[in-house]
């Protein structure tokens, strides 16, 4: 399940316990049980349903990954569907250092 932020800002812990600022409209891919209960009961987030990120598989048929897709899904999709300007394929190793925003930018650049 993914959660969309409905207030100006929430501070959400990731799986490693690091705190991240998430602004209104952002999609959070994972919340621990305490955060989930508190955020939902307080109206800080709303459930946005299951996404391809839930099973860590890229969408079939070349369809672009959902906005809430994990880095793993974005990288898999890029490796399978996108070539660099010089015509060579991207590799997982060269995409792994990129952050989610950079990966999303590459995905969104595909027509």
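The values are calculated or read from the model by the stated rules, or taken from the named source; none is laboratory data. Note that this is a predicted model, so its numbers are computed, not measured. As a convention, Cβ positions derive from the backbone with ideal geometry for all residues, glycine included, and neighbour counts pool all protein chains shown.
Scanning the stretch 43-82 for residues that are over 18 Å from the mean Cα position of the chain (by Cα) and modelled with pLDDT under 85 returns a single hit, 61.
Would the stretch 96-108 turn up any residue that is more than 26 Å from residue 5 (Cβ to Cβ) and at pLDDT 90 or above? Yes, there is a match, as at least one residue in the stretch 96-108 is more than 26 Å from residue 5 (Cβ to Cβ) and at pLDDT 90 or above. Among the criteria (1) within 20 Å of residue 103 (Cβ to Cβ); (2) in contact with a strand residue (DSSP E or B) (Cβ under 7 Å, 6 or more places away or on another chain); (3) at pLDDT 90 or above; (4) exposed (fewer than 11 other Cβ atoms within 10 Å of the Cβ), the one residue 25 does not fulfil is (3).
The residues of the stretch 77-91 that are within 11 Å of residue 107 (Cβ to Cβ) and in a helix (DSSP H, G or I), listed by number, are 77, 78, 81. Within the stretch 28-50, residues that are assigned by TED's automatic domain parsing to the domain that holds residue 11 and under 12 Å from residue 11 (Cα atoms) reach partners that are surrounded by fewer than 14 Cβ atoms within 10 Å (Cβ to Cβ) and at pLDDT below 95 with beta carbons closer than 6 Å, at six or more positions or on different chains, in the pairs 44/7.
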